[in-house]
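For reference, the structure discussed in these notes is given below.
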Amino acid sequence: MSNFHLAGIIPVQKSDFSFNFEWPDCMMPISSNLTAIERSVMECAWAGCETIWIVCNDDISPIIRHRVGELVQDPVWLRPMDTYPSMTRKPIPIFYVPIHPKHRDKIDSFGWSIIYGALSIFKISIKMSRWLVPGRYYVSFPYSVYDPSIVREHRLDISSTTGFCLSHEGKTIKDGYKLGFTFDKHDFVKYRRVIRKEGTGLYKAPTEGLYPREKHPIGQRHTARFFPLEKIFAPTNLDKSKVVDLPWSYPIDNWDQYVKWMGSEHQSLIQRPNKLFLSYREWNDIGVDNDEQ
């Protein structure tokens with residue numbers, strides 16, 4: 001499909017792990033001069049995403065943006081042997097999406113940040129052009145470490161109407177493992193239905209009359225914000241998806257697992273790429289001369 005748009009989603013919000021540093025958990029270093037979220041940006045670029053959307057609230061987006069920037073180059077189109085290499089490059093814009101205030105502390109689980117990210121991408125894209133609406137979304141988690149370039153050879157499968165999913169030792173996103181996967185608008189409806197039907201609100205369903213009057217007990221209010229990934233993404237159909245098994249993968253969503261990764265034999269295999277691929281960049285302002293900046 002010539003107009004197929006693959007959008008990358010990197011969920012950052014609601015990562016209440018055990019690092020407790022002054023910076024967001026997604027900015028933990030996983031190698032020399034390389035943070036976890038930058039590895040996810042690399043993965044989205046290798047996967048062939050035309051846009052990358054980082055889901056994070058305004059309280060942490062400035063520090064992430066200061067490190068990541070507003071664009072990354074598509075590594076497949078970095079061809080130094082071309083006559084005019086700069087003319088053949090394909091920059092990938094990076095956007096930052098905050099969770100809507102009405103969802104915070106109600107349904108804003110880690111899985112919901114993925115669902116809301118897809119919803120925001122759709123609403124923004126459809127206002128500009130229906131040709132910009134993503135045909136599929138690729139999710140990369142900054143809280144797992146594996147070779148981001150492994151998805152390079154599967155770009156055609158990722159940018160297709162069929163599903164794609166990474167696995168490790170037989171475990172996938174259906175098991176709550178934070179490994180890359182894709183979903184489309186039909187999957188989106190299934191995921192959102194889990195939140196809406198199985199999650200509770202502030203009030204119980206009315207037994208009489210039109211309006212609810214009785215509140216849930218304190219421990220049973222807004223339960224969707226505690227839903228794990230395996231519950232939200234249980235409707236994922238792996239039978240119709242291409243599943244690629246990873247040779248190695250390390251979760252880094254807690255300190256013990258992080259230490260295990262840093263002391264592993266694979267740690268030296270993850271390196272920061274050259275500056276043409278990944279470095280801080282901003283888009284030029286429109287209608288402003290360079291002398292005025």
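Taking a ≥ b ≥ c as the square roots of the eigenvalues of the Cα gyration tensor of segment 117-272, is the shape rounded (a/c under 1.5), prolate (a/b larger than b/c) or oblate? Oblate.
Ordering Glu38, Glu214 from the fewest to the most neighbouring beta carbons within 10 Å gives Glu214, Glu38. Volume per residue of the convex hull around the Cα atoms, evaluated for segment 66-200, comes out as 169 Å³.
So what's the back-of-envelope 222 nm ellipticity for the chain, counting only DSSP H runs of four-plus at -39500 (n - 2.57) apiece and dividing by all residues, rounded to 500?
Numbers: 8 runs with 73 residues, N = 293.
Theoretical 222 nm ellipticity from helices: -7000 deg cm²/dmol.
For segment 6-292, the share of DSSP beta bridges that are antiparallel, to the nearest 5, is 40%.
State whether segment 209-278 is rounded, prolate or oblate according to the following rule on the C-alpha gyration tensor (a ≥ b ≥ c being the square roots of its eigenvalues): a/c under 1.5 gives rounded; otherwise a/b larger than b/c gives prolate, and the remaining case gives oblate. The partial results should precede the final answer.
Details: a/c = 2.83, a/b = 2.08, b/c = 1.36.
In terms of gyration-tensor shape, prolate.
Is the C-alpha gyration tensor of segment 1-124 telling us rounded, prolate or oblate? Criteria: a/c under 1.5 is rounded; beyond that, a/b larger than b/c is prolate, otherwise oblate. It is oblate, given that a/c is not under 1.5 and a/b is not larger than b/c. The angle separating the long axis of helix 185-198 from the principal Cα axis of greatest extent in the chain is about 30 degrees.
With a cap of 16 neighbouring Cβ atoms within 10 Å, and only residues DSSP puts in a loop, list the GluC sites (Glu not before Pro) found in segment 221-293.
Passing sites in segment 221-293 are Glu265, Glu282.
Looking at segment 211-265, which trypsin sites (Lys or Arg not before Pro) are DSSP coil and have at most 10 other C-beta atoms within 10 Å of their C-beta? Mind dumping the intermediate values first?
On the way: sites: Arg213, Lys215, Arg221, Arg225, Lys231, Lys240, Lys242, Lys260; in loops: Arg213, Arg221.
For trypsin sites (Lys or Arg not before Pro) across segment 211-265 that sit outside H, G, I, E and B with at most 10 neighbouring Cβ atoms in 10 Å, the list reads Arg213.
Unpaired cysteine residues in the chain (no second Cys Cβ under 4.7 Å): Cys26, Cys56, Cys165.
Can you compute the charge dipole magnitude of segment 6-292 about its Cα centre, using +1 on each Lys and Arg Cβ and -1 on each Asp and Glu Cβ, nothing else charged? Give it in debye, rounded to the nearest 20. Write out the running numbers ahead of the final one.
Details: 37 positive and 34 negative charges, 238 e Å.
In total the dipole reaches around 1140 debye.
The residue list Phe183, Asn274, Val145 was ranked by how far each Cα lies along the charge dipole of the chain toward its positive end, using unit charges on Cβ atoms, and Phe183 comes out on top.
List Ile107, Ile60, Ile124 from most exposed to least, where exposure is judged by having the fewest other Cβ atoms within 10 Å.
Ile124, Ile60, Ile107
Placing R0 at 22 angstrom, the Cβ-Cβ distance between Asp245 and Ser149 gives a FRET efficiency of 0.90 after rounding to 0.05.
How far is helix 110-128 tilted off the main Cα axis of the chain, in degrees rounded to 10, range 0 to 90? Roughly 70 degrees between the two axes.
Our summary gives the chain a relative contact order of 26 percent, counting only alpha carbon pairs under 8 angstrom and 6 or more residues apart. For the chain, modelled as a GNM whose springs connect Cα atoms under 10 angstrom apart, the maximal fluctuation among Ile158, Ile54, Ile195 occurs at Ile195. Matching the structure-derived Cα extents along the principal axes in Å against the labelled list [x] 82, 60, 35; [y] 75, 50, 42; [z] 53, 43, 40 gives the label [y].
Read the figures in this text as sums done on the coordinates, not as results from a lab. Predicted model, so just to flag it, every value in this text is computed and none were measured. When we count neighbours, we look across all protein chains shown, and the Cβ atoms used for this are built from the backbone with ideal geometry, even at glycine.
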